[in-house]
Structures are given as structure tokens and as C-alpha cells.
Amino acid sequence: MREYLPLLMLAGALAAVLGCFAWLATRVRRRGTGGAAVRAAMASYDEAFRVTAHESYYEIQAQQERKAPLLSPDVHRHPSGPPTGRPPTAHPRPRRGRRGLRRLLRRLR
């Protein structure tokens, strides 16, 4: 039994370390604090070993910071199509009289 003691101690230490990493991972996910640190670590790794990935990382960051151009106030945009130069047509809503509500209340009585 003594010959298995170092192997059991190594397995126990490995299980303890993996348990700590699992606990730390759940804590970081709940707080949301690991995103920037992991992103920065991967960027430095890419800078050292994969130059093209590092360049694309900075290009993606620049694209995210870039703002979309604003449209001219003269251009009206229809929700389902491309922008047009004319204002959207106003569709008048059908007016409902209050008599319909009174009729409904009478039926419910």
C-alpha cells in the first residue's frame, strides 16, 4: 500500500487544482471579469506567434469603434426596403366610435 501513496497524493493534488480552476471559472463567468483579460492574453500570444491574427485583431477592434454614418434628414427609410427620397405615406387609421364600446358593455350585462 505504501507504493501507491505517492500516486494517490499526486492524483489528489491534481483533483484539488482542477476543482479550484472550475470554481474560479464559474466565479469569473458570473462576474464577467475574465473577458478583457483573456482577450488581452490571446492578443499578446497572437502578436508573438501569429502575426496575421494579431493584425486582424486590431482591425476588428478598429471596426467596432467606428461609428456608422448618419443618414441625411432628407432621406426617408422604409422599414422593409432601401432608403428613398420621398417621405413615407401616412395611412390613416380607421376611427372607431365610442358606440362600439357601449354596445360591448351592454352585451356583457
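The values are calculated or read from the model by the stated rules, or taken from the named source; none is laboratory data. If you're wondering where the values come from, they're calculated on a predicted model, not measured in any experiment. Methodologically, a virtual Cβ is constructed for each residue, glycine included, from the backbone with ideal geometry; neighbour enumeration extends over all protein chains shown.
A few remarks follow.
- Hey, residue 4 at pLDDT below 85, among the hydroxyl-bearing types (Ser, Thr, Tyr) and either assigned to a helix (DSSP H, G or I) or in contact with a Gly (Cβ under 8 Å, 6 or more places away or on another chain) (or both) or not: no
- Contact annotation: residue pairs with Cβ atoms under 7 Å, 6 or more positions apart or on different chains, pairing a residue in segment 50-72 that is without any contact (Cβ under 8 Å) to a residue 24 or more places away in the chain with a partner that is surrounded by 10 or more Cβ atoms within 10 Å (Cβ to Cβ) and of a type in the set (A, V, I, L, M, F, W, C), are 54/43; 57/43.
- Given (1) part of a loop (DSSP other than H, G, I, E, B); (2) among the β-branched types (Val, Ile, Thr); (3) at pLDDT 80 or above, index of the condition residue 26 fails: (1)
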